[in-house]
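Working notes, beginning with the structure itself.
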Amino acid sequence: MNIIIKEFVKKNWWRYLIGIIFLLMIDYFQIFIPKKIGGIIDNLKNIENMNVIKTYIISMLTLAVSIMIGRFIWRFFIFGTSRLFEFKTANKMFGHILDQSYDFYDKWRTGDLMTRFTEDLNSVRMAMGPSIVMMIDTLFMSSITIYAMINFVNLKLTIYSLLPLPIIGLITLFFGKTIRKLFKHLQKTISDLSDHTEESYAGIHVVKVFSLEKTMLKRFNDRSQKYYDAQMSLIKTWGLMFPLIQFLASMSGVIAIYLGGKMVINEEITFGQLIMFYSYIGMLVWPMMAIGWVVNVLQRGKASYQRLMEIMKSKSNVPEPEKIDENYKFKGKIEIKNLNFKYPGTDKIVLKNINMNIEPGEMVAFVGKIGSGKSTIAKLLLKFYPVEDGKIFIDGIDINKLHSKVIRDNIAYVPQESFLFSMPIEDNISFAHPEQVEKAPEFAKIANVHEDILELPEKYKTLVGERGVTLSGGQKQRVSIARALAKDASFIILDDCLSAVDTETEEAIINNLRNNVINKTMIVISHRLKAVRNADKIFVFDDGEIIESGTHQELMALEGVYYGMYMKQLIEEKLEEE
């Protein structure tokens with residue numbers, strides 16, 4: 001993360017410099033306002049000398065206007081630059097997340113990522129903007145104010161009035177580390193709460209079906225209580241530090257009035273100088289209090305830094321070649337040799353000694369029990385997870401020598417869980433090629449969803465709700481297929497994506513796809529054997545292995561596992577009809 005900050009400051013140092021210059025100028029100008037006030041008070045006894053007082057007033061107004069303009073400029077540059085840092089870092093983080101391999105999304109929770117993009121990034125922004133202002137303000141303003149107190153008023157009075165300063169420094173050091181630990185814990189509770197809220201909303205249908213509203217409310221309350229407790233712990237610590245600093249700062253004012261009053265009586269200083277000195281004390285109070293605020297913000301920023309670094313340090317474990325040939329088009333030939341695979345971070349082997357050949361333009365089916373490894377093959381072909389060299393070849397090229405972007409540009413994949421964006425249906429279908437939105441009906445017809453769309457109030461302009469909730473399960477799946485077809489890729493993978501329609505409809509859609517999608521290699525993963533019986537090759541999976549392969553007729557003639565599965569499904573269909 002320090003690298004990110006260094007890169008940003010290296011490019012935008014001039015913005016900070018302009019802001020800091022104007023900040024220092026304004027701090028310097030402010031020193032003269034108490035001096036002018038003191039001069040006016042000391043000249044009040046000379047009523048006849050009103051011209052002098054008018055001169056003081058005009059100069060004070062001039063200073064006030066200059067300070068107003070200067071404050072706008074430094075706020076624009078320093079605060080504006082911190083917002084630019086927030087914008088750039090958010091984009092960099094999001095781009096980094098998009099480049100991660102699939103196991104990154106398996107490990108990270110949505111709520112946790114959202115908290116880091118909002119709460120943590122905001123804390124870093126505060127450290128990059130307001131805290132810089134306060135640090136400079138504290139150091140420079142304190143220095144020139146003390147200098148003015150010594151030179152314009154009295155050295156002895158200044159020394160006594162500043163006695164509380166070292167104690168304030170010790171207090172901030174004492175509380176600093178505690179605040180950072182408490183804030184880090186607070187961010188974790190926010191992540192847990194956000195993740196639970198997002199997950200509960202996403203699964204609201206399951207909650208309703210099982211009547212688990214009270215259970216979910218209790219779980220939410222537990223996480224909310226932890227967030228509240230963490231927040232209160234931080235408030236107590238911060239709440240104790242701030243009054244202590246404020247009390248010690250106010251002691252400076254008490255000392256100034258007590259000792260300064262004696263000096264006025266003894267004519268060591270004028271009454272105007274006492275007022276001037278008290279104004280300077282008032283100007284020192286804020287920097288003294290700001291020390292605690294700066295420590296709090298910096299400690300929060302440091303804790304959030306570490307959390308953001310956890311994301312930025314994550315690296316894709318899928319090997320990528322240095323060069324990307326974005327114009328490369330797949331012919332559609334797939335070859336897998338002696339492939340064994342287990343998911344990263346696990347010990348269970350989910351694919352064992354897989355061998356297969358798929359020729360360009362073939363329709364191939366993967367069938368078998370749930371969890372037998374069918375979908376894992378699809379994910380490996382999409383390069384979601386790393387595999388050893390020499391195991392998977394596309395058009396004769398080792399998959400590790402092809403960039404994932406090239407692979408995914410050439411493969412249209414429809415996963416088991418259909419996901420639609422909150423946008424019109426036509427935009428969902430033309431997602432890969434927005435400029436070809438007028439072709440959406442063409443692909444919807446092939447996916448057998450065109451008639452359904454025409455029955456909707458706004459037809460293709462119908463806005464799909466979040467995650468496609470305004471459509472039925474079968475409609476969502478068929479719109480997802482239309483979206484994949486609109487991508488116009490040379491390779492299509494349908495990963496059990498028609499589970500929400502009946503067997504006859506699934507079979508009709510797959511046959512329609514085969515008749516309309518010419519010269520494209522197609523893999524269909526399905527648990528309904530009747531729907532894929534016309535495939536050129538059928539691979540039967542069981543416990544991560546291919547136990548049978550061939551055409552429908554060849555597998556039926558074997559009277560093995562496929563035969564048993566097929567006959568069982570036929571009997572089940574007949575029983576349902578009766």
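Throughout, read-outs are computed from the coordinates displayed, never taken from laboratory work. Model, not experiment: these values are computed from the prediction. Cβ atoms come from the backbone with ideal geometry, glycine included; neighbour counts cover every protein chain shown.
Note on Phe76/Lys313: beta-carbon distance plugged into 1/(1 + (r/R0)^6) with R0 of 51 Å gives a FRET efficiency of 0.90.
Using the Cα centre of the chain as origin and beta-carbon charges of +1 (Lys, Arg) and -1 (Asp, Glu), tell me which of Ile492, Val364, Gly95 is placed farthest towards the positive end of the dipole. Value computed over the given set: Gly95. Simple point charges give the picture: +1 on the Cβ of Lys and Arg, -1 on the Cβ of Asp and Glu, and for the stretch 2-312 a dipole about the Cα centre of about 220 debye.
Taking the Cα centre of the chain as origin and assigning +1 to Lys and Arg Cβ atoms and -1 to Asp and Glu Cβ atoms, the resulting dipole is close to 3040 debye. The Cα trace of the stretch 411-525 gives Rg and Dmax of 12.7, 36 Å, the first to one decimal, the second as a whole number. For Lys401 and Ile69, a Förster radius of 35 Å and the Cβ-Cβ distance give a FRET efficiency of 0.05, rounded to the nearest 0.05.
Using a cut-off of 31 Å between Cα atoms, the listed pairs Lys315/Lys487; Lys181/Lys383; Lys36/Lys262; Lys188/Lys214; Lys348/Lys520 include Lys181/Lys383; Lys348/Lys520 as exceeding that distance. Rg ratio for the chain: its Cα radius of gyration over 2.2 N^0.38 Å, N being its residue count, equals 1.43. Ranking of Glu320, Glu213 by neighbouring Cβ atoms within 10 Å, starting from the fewest: Glu213, Glu320. Per residue of the chain, the DSSP helices (runs of n ≥ 4 H) give a summed -39500 (n - 2.57) that works out to -20000 deg cm²/dmol at 222 nm. Projected label points at Ile370 and Thr118, each 7 Å from Cα along the beta carbon direction, are separated by 3.3 nanometres. The angle separating the long axis of helix 213-265 from the principal Cα axis of greatest extent in the chain is about 20 degrees.
The modelled label-to-label distance for the pair Leu456/Glu320, using points 7 Å beyond Cα in the direction of Cβ, is 3.3 nm.
Applying 1/(1 + (r/R0)^6) with R0 = 22 Å to the Cβ-Cβ distance of Asn338 and Asp536, what FRET efficiency is obtained, to the nearest 0.05?
0.45
Counting neighbouring Cβ atoms within 10 Å and putting the fewest first, the residues His96, His433, His403 line up as His433, His96, His403. Contact order for the chain, expressed relative to its length and based on alpha carbon pairs under 8 Å spaced 6+ residues apart, stands at 14 percent.
Each of Thr172, Thr115, Thr551, Thr215 was scored by other Cβ atoms within 10 Å of its Cβ. Arranged with the fewest first, they read Thr215, Thr551, Thr172, Thr115.
Which one of Gly239, Leu165, Leu570 has its Cα pushed farthest toward the positive end of the charge dipole of the chain, where Lys and Arg give +1 and Asp and Glu give -1 at the Cβ? The one lying farthest along the dipole's positive direction is Leu165. To the nearest ten degrees, helix 2-30 and the longest principal axis of the Cα atoms of the chain are 30 degrees apart.
In the chain, what % of DSSP beta bridges are antiparallel (nearest 5)? That works out to approximately 45 percent antiparallel. Take the Cα of Thr197, step 7 Å toward its Cβ, do the same at Met232, and the gap between the two points is 2.0 nm. Fully extending the segment from Gln225 to Phe174 would add 15.6 nm, taking 0.36 nm per residue of separation and subtracting the current Cα-Cα distance.
Note on the stretch 344-489: with charges restricted to the Cβ of Lys and Arg (+1) and Asp and Glu (-1), its dipole about the Cα centre is near 520 debye. Placing unit charges on each Cβ (+1 for Lys and Arg, -1 for Asp and Glu) gives the stretch 330-437 a dipole about its Cα centre, and among Ile354, Ile334, Ile392 the Cα reaching farthest toward its positive end belongs to Ile354. On a 0 to 90 degree scale, rounded to 10, what angle separates helix 165-202 from the longest Cα axis of the chain? It works out to around 30 degrees.
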